[in-house]
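Remarks on the structure that follows.
FYI, it's all coordinate maths here, none of it is from the lab. None of the values given here were measured: they were computed from a predicted structure. All Cβ positions, glycine included, derive from the backbone under ideal geometry; neighbour counts span all protein chains shown.
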Amino acid sequence: HDAIDTRSHIAVYSEAEDTLYQRRFTPLNDFGSALESQDQLRLVYQPRIDIGSGDCIGAEALLRWNHPTLGAIGPGEFMPMIERSGLAHAATAWVLATALQQQRRWRDAGMFLQMSINVSAANLQEPDFATALEAGLKRHGLPPDSIELEITESAIMEQPVKAHAMLDAIAATGVRLAIDDFGTGYSSLSYLQRMPADVVKIDQSFVIGLERDVRKQALVATMITLSQDLGHRVVAEGVECEEVLSFLRQAGCDEAQGFMFARPMEAEAFPGWRHVPVASIPARSAQAHYAF
Ligand code: C2E
Ligand code: MG
Ligand code: MG
Ligand code: MG
């Protein structure tokens, strides 16, 4: 808004600002047609690795938008805008339908991975969200525990009471819950105590650069212990190098996700990246696939 309001009386054209303006406002108008187009939106998938066995045990679905004139726009750029404009319902409906369909295909191909799907704060206010989720699972014949929903800690803290009621409803369906970007959302310890989550994902801002930052190390080690003592499985996001992985392993972290293993990839690339269907290899031999 600043770009318009503060400059509306200055008649100087700036191409740089015009581009900024376009990037901020055009995508919003175009998201509706993106949802209807067959080729602008897609999901890419990033592996989640069990640190103990080295096995890939899941995939996180991440939204990508190839805009017809602006090109590739990342979700960090457009999702906040989508969420502020009340389009989160439509966006998540598309993401859920696409990810559930992919999970069906992978299971049909003998690949039994956990599928993690990001949802927005606004989805937690939709009264029929849990029912729609269950209907989706049924339509694709998927067991609820093959799906995990990732909800950011800050999304929960926007309206903690309502969010908790919805989290309980989701948990009752058997779908797993992960608290995403943990450590950035100002949860009080009393909320943390009641969080009905299976998984806590430590935000990448604590993980990236951890190898040369003793304060980050102290925070991460404490977050791991605290979360595990409260009964959650812990995933570290943003694992980019072996030093970090080695620290996480010593600190007892359960899972890791990050560029060290793989960047998010197209659905078609995922089975090739694994070489062998995950369910068919014993955990120990899987270690040979990784450098640890
Ligand atoms: P997130 O859910 O915390 O996802 C992790 C982000 O970190 C992804 O960025 C991923 O590509 C990136 N990442 C993974 N490993 C590394 C690493 O080792 N180093 C670094 N520097 N980054 C890493 P992406 O795909 O751009 O997504 C950004 C955020 O957008 C996500 O954060 C999530 O909050 C949101 N988002 C993505 N897809 C969806 C979606 O389908 N629905 C909703 N509601 N939000 C989504
Ligand atoms: Mg996530
Ligand atoms: Mg995250
Ligand atoms: Mg994030």
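Along the range 154-164 the Karplus relation, 6.51 cos²θ - 1.76 cosθ + 1.60 evaluated at θ = phi - 60°, assigns HN-Hα couplings of 5, 4, 5, 6, 4, 9, x, 5, 4, 4, 5 Hz to successive residues, with x for each Gly and Pro.
Counted by Cβ distance under 12 Å from residue 219, the other residues give a net charge of 0, where Lys and Arg count +1 and Asp and Glu count -1.
A straight Cα-to-Cα reach below 24 Å connects residue 138 with none of the lysines, residues fewer than 8 places away in its own chain not being considered. With q set to 0.12, 0.13, 0.22, 0.25 Å⁻¹, the log10 of I(q)/I(0) for the range 132-203, from the Debye formula over equal scatterers at the Cα positions, is -0.32, -0.37, -0.92, -1.11. Packing, as the average of other Cβ atoms within 10 Å across residues, places the peptides 129-135, 64-70 in the order 129-135, 64-70, highest first. Listed by chain and number, the lysines whose C-alpha is less than 19 Å from the C-alpha of residue 216, apart from same-chain residues fewer than 8 away, are 201.
Sorting 247-256, 78-87 by their mean Cβ neighbour count within 10 Å, with the most densely packed peptide first, gives 247-256, 78-87.
Take every DSSP beta bridge whose two residues both sit in the range 65-197, then give the antiparallel share in percent to the nearest 5. Write out the running numbers ahead of the final one.
On the way: 3 of 12 bridges.
Taking every DSSP beta bridge within the range 65-197, about 25 percent pair in antiparallel fashion.
Using the 10 angstrom Cβ neighbour count as an exposure proxy, how do 128, 145, 50, 180 rank, fewest first?
Details: 128 8, 145 12, 50 17, 180 27.
Ordered from fewest to most neighbouring Cβ atoms within 10 Å, 128, 145, 50, 180 come out as 128, 145, 50, 180.
First measure r as the distance between the Cβ atoms of residue 215 and residue 128, then evaluate 1/(1 + (r/R0)^6) with R0 = 41 Å and state the FRET efficiency to the nearest 0.05. Intermediate values should be presented prior to the final figure.
On the way: r = 44 Å, r/R0 = 1.07.
Calculated transfer efficiency: 0.40.
Working ranking of peptides 161-168, 266-273, 115-122 by packing, defined as the average number of other Cβ atoms within 10 Å per residue, highest first, is 115-122, 161-168, 266-273. The 3J(HN,Hα) values that the Karplus relation (6.51, -1.76, 1.60; θ = phi - 60°) gives for the range 228-236 are, in residue order, 5, 5, 8, x, 9, 7, 10, 10, 9 Hz. Gly and Pro appear as x.
Relative contact order for the range 136-286: 16 percent, from Cα pairs under 8 Å spaced at least 6 residues apart, divided by residue count.
Residues 140, 232, arranged from fewest to most other Cβ atoms within 10 angstrom of their Cβ, appear as 140, 232. Computed over the Cα atoms of the range 89-173, pair by distinct pair, the Kirkwood hydrodynamic radius stands at 13.2 angstrom. All Cα-Cα separations within the range 25-180 were binned at 5 Å from zero, giving a P(r) of 2, 8, 18, 21, 19, 16, 10, 4, 1, 0, each value a whole percent of the pairs.
Give, in nm to one decimal, the length gained when the segment between residue 70 and residue 205 is fully stretched (0.36 nm per residue of separation minus the Cα-Cα distance). Before the final figure, lay out each step's value.
Details: separation 135, 0.36 × 135 = 48.60 nm, distance 2.81 nm.
Computed gain between residue 70 and residue 205 is 45.8 nm.
Which FRET efficiency, nearest 0.05, do residue 93 and residue 168 yield, Cβ-Cβ r, R0 25 Å?
Values: r = 22 Å, r/R0 = 0.87.
Between residue 93 and residue 168 the formula returns 0.70.
With the simple model of a label 7 Å out from the Cα in the direction of the Cβ, residue 157 to residue 81 spans 2.6 nm.
Note that the range 195-202 has calculated 3J(HN,Hα) couplings of 5, x, 9, 7, 10, 10, 10, 5 Hz, one per residue in order, obtained from phi through the Karplus relation 6.51 cos²θ - 1.76 cosθ + 1.60 (θ = phi - 60°); glycine and proline are x.
Each 5 Å bin from zero holds the following percent of Cα-Cα pairs in the range 160-271: 2, 11, 21, 21, 17, 13, 10, 4, 0. Close amide H partners of residue 150, meaning residues 5 or more places away or on another chain with modelled amide H under 5 Å apart, are 117, 118, 119, 178.
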